[in-house]
Amino acid sequence: MEKFEKIISEAVKNLFDIEAAVELSRPEAKFGDLATNIAMQIVKQIGKNPREIAEKIAEELRKNDNFAEVSIAGPGFINLRLSDKYLIEELNELMKSPETYGKSKEYENKTVVTEYSDPNPFKVLHVGHFYTSVIGDSISNLIESAGGNVHRVNFGGDVGLHVAKTIWAIIENFGGENPDKLAEIPINERSEFMGECYVLGTQAYEENENAKSLITEYNKKIYDLHKKNDRESDFAKIYWTCREWSYDYFDAFYDRIGTKFEKYYPESATAEVGLEAVKEQLKKGVYEESNGAVIFDGEKHDLHTRVFINREGLPTYESKDVGLAIMKWDEYHFDKSIIITGNEQAEYMKVVMKSMEQFAPEMVSRTLHLTHGIVKLPGAEKMSSRKGNFLRAVDVLDLVSEEYKKAQGKADNKLTLGAIKYTFLKNRLGGDLIFDIKESVNMQGNSGPYLQYSAVRAKSILRNLNINFEYSDNLQTDFDKFERILLLKLIEFSDIIALATKELSPHQICTYLYELAQTFNRFYENSRVAGSERESLRARLVMIYAEFLRRGLKILGIQIPEKM
């Protein structure tokens, strides 16, 4: 639409000597292909009736051969119907390079670090980690498709109170520091074992003063074993073994859902970097001492105050995030750093970023924090890993797979993941998500399997056509109703890619692909392709449609099965 917005802006400039920002929309088909309310926007500057202004603009636009019809509606809306000449030119562009048509250059030659998922070792992956992983993958894919050099990274707490709680429960369970007993835990039960120990340790920390004191001591001990690189003591053997179990568990899950990270930043590494930075900036007045701790006074910036070094001299989550930001900056010197977390981290991250802005403004200016809500099943209450009543990531895979089998008789990993990923991505980022399992596998609804089937069907149609798809710039034709509607929807692809990339909003692509598939179905129901006198043109429309489905689903991280 940018081309037409420019044409209209130039018409306004020529007529009224005004610089105006034109925004086009797509009205109902009976009114036209495009519409603008620019006449009403410039009423105050012109001082005339908006319909009179619209008529003058329309008269000017009728001279342009890109438009077959320019009409006025209501108080001054301008409706535009595109000419066959323009549509033929655009079809030729689509045919020339459907694999690059509409490709955004928003991130061309830019280095982007995307950080997401961020699970903590010694705990179980829950549905939130799954959700964030899918979102992070898709946003990373969007940026890559726009020319960006993307580095996917992960961050998690291999030190901290949650680790000490889990270790405490393991030691209690084993009747002391007996690392040999870890060998008795079956491989497929290790993650569950650690998750249960975390819940027990959390309860003990909150209800038992002796346990709380011991857990606090373990917390310090865990930091010390990293400083000393202790791997020989019984306590250290328990720690390092369970840490490795966690990473193996993460890798297995990420492999199952098709997620790959270039680097994992453990808090044990970022803690020291952050601690050193906070202490250095303490001397310069960025941070300040308060009751034996080191804080950042966020209230001076209309935020809240947070502790960066606790009274025991240990770095808090805040210092670890400072260290993480510095390490990412030093390693990648990024053009953009994107951090994706749950909404509950929004105010926390504002304080951390504001503190770093005082001594690393360029790094902070290039950092974007995106947040999302929680995932719940219909009727479920908010869940918590500390209480042990959460929905595990693997539970979601199993539940959707079972539902798909009930609905279709069988399921494979591509179809299960297609259902889950599309459900996660079709909603605008930010709000909570109610995950309707039955709807996620509905082959007639707005679902991943519906689009996967649409892509498989398109490939099947193409296989049955004996057409030479080589590009030709001599294609001249008129268009019937359904060909025209489909072509207009295909042309919209470039605008959707540009918008989704600019806003980092995969849901825009989901909406478009669903509408495109519906448009194609109406076309195919009413327009015979194979053996028709218009086979050459219609086959090309099918080919472009199949390619755009492939490109869109690839950005969403959804694979197309060979058959369904």
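The values are calculated or read from the model by the stated rules, or taken from the named source; none is laboratory data. This is a predicted model, so every value here is computed, not measured. Positions of Cβ are generated from backbone atoms using ideal geometry, with glycine treated the same way; all protein chains shown enter the neighbour counts.
Odds and ends about this structure:
- Each residue in the stretch 485-510 was checked for being surrounded by fewer than 17 Cβ atoms within 10 Å (Cβ to Cβ) and either in contact (Cβ under 8 Å) with a residue 60 or more places away in the chain or over 26 Å from Lys30 (Cα atoms) (or both), and 3 of them qualify.
- Elements of type strands (runs of 3 or more DSSP E) in the stretch 43-148, at least 1 residues being within 18 Å of the chain's Cα centre (by Cα): 111-115
- Verdict on Leu553 being farther than 23 Å from Leu82 by Cα, crowded, with 16+ Cβ neighbours inside 10 Å and either in contact (Cβ under 8 Å) with a residue 12 or more places away in the chain or among the small types (Gly, Ala, Ser) (or both): yes
- Subset of the stretch 175-192 [under 18 Å from Tyr239 (Cβ atoms) and either in contact (Cβ under 8 Å) with a residue 12 or more places away in the chain or crowded, with 19+ Cβ neighbours inside 10 Å (or both)]: Glu177, Asn178, Pro179, Leu182, Arg190, Ser191
- Every condition in (1) among the hydroxyl-bearing types (Ser, Thr, Tyr); (2) in contact (Cβ under 8 Å) with a residue 60 or more places away in the chain; (3) surrounded by fewer than 20 Cβ atoms within 10 Å (Cβ to Cβ) holds for Ser83 except the one numbered (2).
- Any hit, the stretch 106-114, residues being at pLDDT below 95, more than 17 Å from Phe261 (Cα to Cα) and among the hydroxyl-bearing types (Ser, Thr, Tyr): no
- Restricting the stretch 278-306 to residues that are out of contact with any Ser or Thr (no Cβ under 8 Å at 6 or more places or on another chain) and hydrophobic (A, V, I, L, M, F, W, C) leaves a set whose member that is farthest from Val113 (Cα to Cα) is Ala293.
Residue-by-condition table, conditions (1) of a type outside the set (Phe, Trp, Tyr); (2) crowded, with 21+ Cβ neighbours inside 10 Å; (3) part of a helix (DSSP H, G or I); (4) without any contact (Cβ under 8 Å) to a residue 24 or more places away in the chain:
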{"position": "Arg231", "(1), (2), (3), (4)": "yes, no, no, yes"}
{"position": "Lys237", "(1), (2), (3), (4)": "yes, no, yes, no"}
{"position": "Trp240", "(1), (2), (3), (4)": "no, no, yes, yes"}
{"position": "Trp245", "(1), (2), (3), (4)": "no, no, yes, no"}
{"position": "Arg256", "(1), (2), (3), (4)": "yes, no, yes, no"}
{"position": "Glu272", "(1), (2), (3), (4)": "yes, no, yes, no"}
{"position": "Val278", "(1), (2), (3), (4)": "yes, yes, yes, no"}
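- Test: Val364 is closer than 26 Å to Ala146 by Cα, surrounded by 15 or more Cβ atoms within 10 Å (Cβ to Cβ) and out of contact with any His (no Cβ under 8 Å at 6 or more places or on another chain): yes
- Some residue of the stretch 177-199 being closer than 28 Å to Asn427 by Cβ, in a helix (DSSP H, G or I) and among the charged types (D, E, K, R): no
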